[in-house]
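Each reported figure results from applying straightforward, stated rules to the coordinates on display, with no laboratory input. Since the model is a prediction, treat every value here as computed from it, not as a measurement. Every residue, glycine as well, gets a Cβ built from its backbone with ideal geometry; the counts of neighbours run over all protein chains shown.
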């Protein structure tokens, strides 16, 4: 008699058991009764380390194929190794990055993922322990950082440009990735003059393929760096502007003629960082009296042309920016009253507390007038983050933004919905995920010419089944729910940003 | 004697003293560069003295310099006949052979470099004190290590 082969369900269940171990390990110091631990695990699974350095599997779907015409790869990036050598990082943004590729073949979707073996990670492999300071965590007996790329974990976003695929971080160089093997390559050397100079995680690409980016260097001589790179991937121009004091400048907007950088009053104290006593994040100080400084940079000369000031607030991301004929610039962003969600909540999440007590970022619009006047509009009620637009509108007027939003409960991971916002009208369409599913960033993939004619594609973490899945929405009919979805046999840690490269 | 002559005499005495120090009390300093990544170009090693009001390392403080073809791994050079006092070594691996430490537009080195005692600064060079090696009154060979650091690539 033939021995009974394990069914696919058995295999799935066995695999699904693995992450529970990691989730349990993630709940550092947990002393709760079993029931409480279980609840905690369901929240911390998104902040557990990835189950393997390399992963590969087709997505299982309950039926149907992804929409015809939706072919290509959704590339994603995010911190994935929160634990290594028995050391657990204290903040979501610390972990070594992992590139995820979800390939839409027409017939289905297949996933591959690989941890990015950066020079920082290789150094720790040689030492057999964590030795490099991270964004918000100093490992015991850590080494000194000589240059930004010493601590580059390449964990924030993915850039596809001029035939190259790159993993981006905020504080260092772009890291080239082999699109076939997903292996980490060398740091991108746009030109000798900018070798090792920070290259931020949200570059903007114009319709002719020209790429603009900023680099943020909040050291003892703080500067912002501006880059213009042509469609062939060659550096055309770079410029440096002293900006003191300076903290994190994570994102910016590009209009037809300008770049706009908004600087939250959360600034680095270089002497405190140099003391080696605190992490990069903890060397920042919230100084609301500074207000939010706004720099407008000529996108051709890369010189700072105008400065505006707005009330204090803390933000990471913009949707888009555009310019009217008279030079008035309109942009949007997701802004919180202060940085507490970064300094406190994302640490609490790593401890398995899963309680977000700080005010969340909300969607707002900003108007910058050429005469120096500036105003920020009222917040659309509720939390909103990970704003994305139809990228063909980058730098020109956009009439919609896609984002993650909260479900109004105010506790736990704040995002439970995917929404479409209209500047001026607020939320106009949305889909609420079931309570056991945590949505990650969703990106727009165009189909027709009109803005919004296309799909919204994104991943989610199913904490009940302990798996990561992927959904496809008709971008203009989110409330219909996903038109296709599939799930992996394993979970991925909650990630950050991605990009869809159509084939 | 005029004031000018006084100065000349003073200078002559100082030179004599320096000469005496060099002949009677000179020391040798062996510098060992470790961790050179390749044999490309040259290793350039400069011996500095402290100069008040000038931030180390600066050309104003250089009292001797040696340039040699680079050797992958480790290499040794010796500065000879040094008067007693405090010194510091700054070295870089001039892999492209252009005679200068290559830097990016922020002034961050893009070639390998190092300082005596393995001294390191924060977003800049170390202080002279951290890299100090003292040549004493007694003749003999002192040795100091300069571990070379390279920007990640």
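Shielding value for A:137-146 is 2, the average number of Cβ atoms from other chains within 10 Å of each residue's Cβ. By the count of neighbouring beta-carbon atoms within 10 Å, fewest first, A:282, A:230 end up ordered A:230, A:282.
Can you give the calculated 222 nm mean residue ellipticity of the protein assembly as shown, where each DSSP H run of n ≥ 4 adds -39,500 (n - 2.57) and the sum is split over every residue, rounded to the nearest 500 deg cm²/dmol? All intermediate terms of the calculation are to be shown ahead of the outcome.
Values: 6 runs with 72 residues, N = 656.
My calculation for the protein assembly as shown gives -3500 deg cm²/dmol from helical runs alone.
Take every pair of alpha-carbon atoms less than 8 Å apart whose residues are at least six positions apart; their mean separation over the length of chain A yields a relative contact order of 14 percent.
Stretch residue A:425-residue A:300 to full length: gain in nm at 0.36 nm per residue minus the Cα-Cα span?
On the way: separation 125, 0.36 × 125 = 45.00 nm, distance 3.32 nm.
Full extension from residue A:425 to residue A:300 adds 41.7 nm.
Summarised in one figure, the compactness ratio Rg/Rh of segment B:26-147, Cα atoms and Kirkwood Rh, is 0.95. Take each residue in B:97-109, count the other chain C-beta atoms within 10 Å of its C-beta, and the mean is 5. Using the Cβ-Cβ distance between residue A:62 and residue A:396 with R0 set to 45 Å, the FRET efficiency from 1/(1 + (r/R0)^6) comes to roughly 0.70. Measuring how big segment B:99-153 is from its alpha-carbon positions, Rg and Dmax come out at 14.0, 45 Å. Applying 1/(1 + (r/R0)^6) with R0 = 22 Å to the Cβ-Cβ distance of residue B:74 and residue B:100, what FRET efficiency is obtained, to the nearest 0.05? The calculated FRET efficiency here is 0.40.
For the peptide A:192-200, the mean number of other protein chain Cβ atoms found within 10 angstrom of a residue's Cβ is 5. Among B:62-70, A:468-476, sorting by the average number of other beta carbon atoms lying within 10 angstrom of each residue, highest first, gives A:468-476, B:62-70.
Going from the residue with the fewest nearby Cβ atoms within 10 Å to the one with the most, A:126, B:120 rank A:126, B:120. Relative contact order of segment A:225-278: 24 percent, from C-alpha pairs under 8 Å at least 6 residues apart in sequence.
Between segment A:207-274 and segment A:445-466, the alpha-carbon centres lie 30 Å apart. Computed packing ranks the peptides B:96-103, A:76-83 as A:76-83, B:96-103, most packed first, by mean other Cβ atoms within 10 Å. Rounded to whole Å, give me the distance from the Cα center of segment A:107-154 to that of segment B:29-65. Distance between centres, Cα-based: 32 Å. From the mean inverse distance of alpha carbon pairs (Kirkwood) and the Cα radius of gyration, derive Rg over Rh for the protein assembly as shown. Taking Rh as the inverse mean 1/r over Cα pairs, Rg/Rh reads 1.05. Restricting the calculation to alpha carbons of segment A:96-137 gives Rg and Dmax of 15.3, 45 angstrom.
Give the relative contact order (percent, whole number) for segment B:26-147; include only Cα pairs under 8 Å separated by 6+ residues.
Values: 291 pairs, mean separation 44.8, N = 122.
The normalised contact order for segment B:26-147 reaches 37 percent.
Shown here is the pair-distance distribution of segment A:259-329: with all Cα-Cα distances grouped in 10 Å bins from zero up to the longest one, the shares run 18, 38, 31, 12, 2, 0 percent. Fewest neighbouring Cβ atoms within 10 Å first, the residues A:120, A:305 line up as A:305, A:120.
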